[in-house]
Amino acid sequence: MSENSNQFLDALKQMQGVEVGDIVDVEVLDIEDGQIDVGVENAGVEGVITRREYTSDRNADLRDLVKPGDKFKALVLRRAGGDKENGEFFFSVTRLKEREAYDKLQKDFEDGNAVEGTVTSSVRGGLIVDVGTRGFLPASLISNRYVSDLKPYIGKTMKLKITEIDPNKNRLILSHKDLVEEEREEAFDKVASQLVVGDVVEGKVSRLTNFGAFIDVGGVDGLVHISEISYKHVDKPSDVLKVGQDVKVKVIGIDNDRHRISLSIKQTEPSPFEQATADLNEGDIFEGEVKSLTNFGAFVEVADGIQGLVHVSEISNKHVDKPSDVLKVGQSVKVKVLNIDPSDRRISLSIKDADSNASSENHNSRPRRSRNENSVNKKYMSDNDNGFALGDIIGDQLKDRK
């Protein structure tokens with residue numbers, strides 16, 4: 001067989017070898033309105049690439065994008081209908097790029113890598129993102145916070161994680177929230193490792209809600225619950241705080257499992273109890289008003305809103321069955337400070353030790369309170385500023401009326 005015959009057979013074999021789904025090398029022959037005429041290299045096969053199969057820009061002028069003689073790879077889409085010379089085909093560049101993009105994205109998905117994409121448009125329920133191919137970013141996966149307005153994201157370049165990929169269905173689901181959570185956990189671990197409960201640090205108000213304020217401490221948000229904003233009652237955090245405001249906060253809790261930091265603003269300042277007792281010392285004697293009576297003692301106001309307990313055993317040197325037998329609410333009494341417990345915000349008082357008529361012997365040899373009396377004392381004390389549980393006080397008063 002001659003050399004020319006061999007070349008003819010090779011060319012014929014190549015022509016017959018062009019099949020739908022193949023990736024072939026093409027050369028631009030001509031550019032017409034809305035399509036590019038190309039020929040398959042070394043195959044003698046010609047075909048066309050429409051505008052939509054070359055670029056995603058529906059308004060693009062193909063003459064600005066290619067010129068005769070340009071060579072590139074294309075995907076064989078289908079054979080053209082009708083009797084065309086050399087069996088004309090339709091080719092696609094965009095779908096080839098999508099296939100190549102899916103191959104890379106599949107590997108990124110398997111390796112857990114983040115990808116970068118540009119938001120091209122918003123649709124109902126999310127965003128369309130170009131990551132080499134068209135991907136969908138649901139609104140619920142844009143951020144770890146609720147996003148109501150999608151328009152500001154259009155045109156933005158974002159780092160994303162792939163949550164679902166199926167090239168056969170042309171399905172690609174993306175998430176920015178997963179990446180935010182990963183970065184947040186890394187930042188939390190770094191910041192939390194440098195903090196201990198009790199630390200007082202500087203922070204900035206980053207966000208306000210009905211239940212509290214989020215404070216940025218070193219790049220991580222910690223929560224100041226509304227009850228920890230002030231010793232005074234706060235209806236709404238926005239009444240006393242502003243976004244961007246610098247504040248001093250105390251670390252009151254670190255939850256490594258849930259990646260949460262609990263903070264307090266009020267605990268960086270003296271409490272009403274501390275302010276009221278700043279000039280009060282054990283042994284001081286002063287006049288106070290009886291505010292309430294219980295079976296176990298009397299509560300006497302030592303400062304505005306601050307009460308101390310006169311245990312029933314400290315009312316008189318004589319035996320007292322019930323405080324109401326010898327005292328009345330509103331009565332002014334002289335009391336002596338026996339003990340101030342700043343940690344539990346409790347004040348123990350004595351009327352009998354403040355009695356100037358009491359014998360010096362009784363005054364100096366006051367019997368020590370029994371363990372049982374101490375336990376009774378603590379039972380009716382709470383962590384409120386006045387040092388006692390109001391419910392318990394009222395409860396005992398109701399019992400007296402039965």
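General observations
- For F273, the conditions (1) closer than 22 Å to E228 by Cα; (2) part of a loop (DSSP other than H, G, I, E, B); (3) open to solvent by less than 50 Å² (accessible area, probe 1.4 Å) are fulfilled apart from (2).
- Test set (1) more than 30 Å from K232 (Cβ to Cβ); (2) of a type in the set (A, V, I, L, M); (3) in contact (Cβ under 8 Å) with a residue 12 or more places away in the chain - V326 fails condition number: (3)
- The range 228-269: number of residues that are touching a residue at least 40 places away in the same chain (Cβ under 8 Å), farther than 27 Å from P342 by Cβ and in contact with a strand residue (DSSP E or B) (Cβ under 6 Å, 6 or more places away or on another chain): 2
- Among the conditions (1) of a type in the set (D, E, K, R); (2) free of Cβ contacts under 8 Å to residues at least 12 places away in the same chain; (3) in contact with a Lys or Arg (Cβ under 7 Å, 6 or more places away or on another chain), E116 misses just one, which is (2).
Each row is one residue, and each column tells you yes or no for (1) modelled with pLDDT of 85 or more; (2) among the small types (G, A, S); (3) touching a Phe, Trp or Tyr at 6+ places or on another chain (Cβ under 6 Å).
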| position | (1), (2), (3) |
| --- | --- |
| S2 | no, yes, no |
| L12 | no, no, no |
| G39 | yes, yes, no |
| G47 | yes, yes, yes |
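- Matching residues in the range 331-344 - criterion: being open to solvent by less than 60 Å² (accessible area, probe 1.4 Å), in contact with a helix residue (DSSP H, G or I) (Cβ under 7 Å, 6 or more places away or on another chain) and at pLDDT below 90: none
- Residue within the range 355-378 that is among the charged types (D, E, K, R) and modelled with pLDDT of 50 or more present: yes
- Of the residues making up the range 164-201, just one is of a type in the set (G, A, S) and free of Cβ contacts under 8 Å to residues at least 12 places away in the same chain, namely S193.
- Members of the range 282-305 that are assigned to a strand (DSSP E or B), over 20 Å from K322 (Cβ atoms) and within 47 Å of the chain's Cα centre (by Cα): E301, V302, A303
- Conditions (1) open to solvent by 50 Å² or more (accessible area, probe 1.4 Å); (2) within 30 Å of N256 (Cα to Cα); (3) in a helix (DSSP H, G or I); (4) not polar (S, T, N, Q); number of the one not met by Y146: (3)
- Qualifying position, being farther than 30 Å from V333 by Cα, within 19 Å of the chain's Cα centre (by Cα) and open to solvent by 40 Å² or more (accessible area, probe 1.4 Å), among D246, D255: D255
The values are calculated or read from the model by the stated rules, or taken from the named source; none is laboratory data. Quantities reported herein were computed from a predicted structural model and do not represent experimental measurements. Heads up, the Cβs are rebuilt from the backbone with ideal geometry, glycines too, and the neighbour counts pull from every protein chain shown. For accessibility, only protein heavy atoms count, side chains too; no ligands or nucleic acids. Shrake-Rupley method; radii C 1.70, N 1.55, O 1.52, S 1.80 Å.
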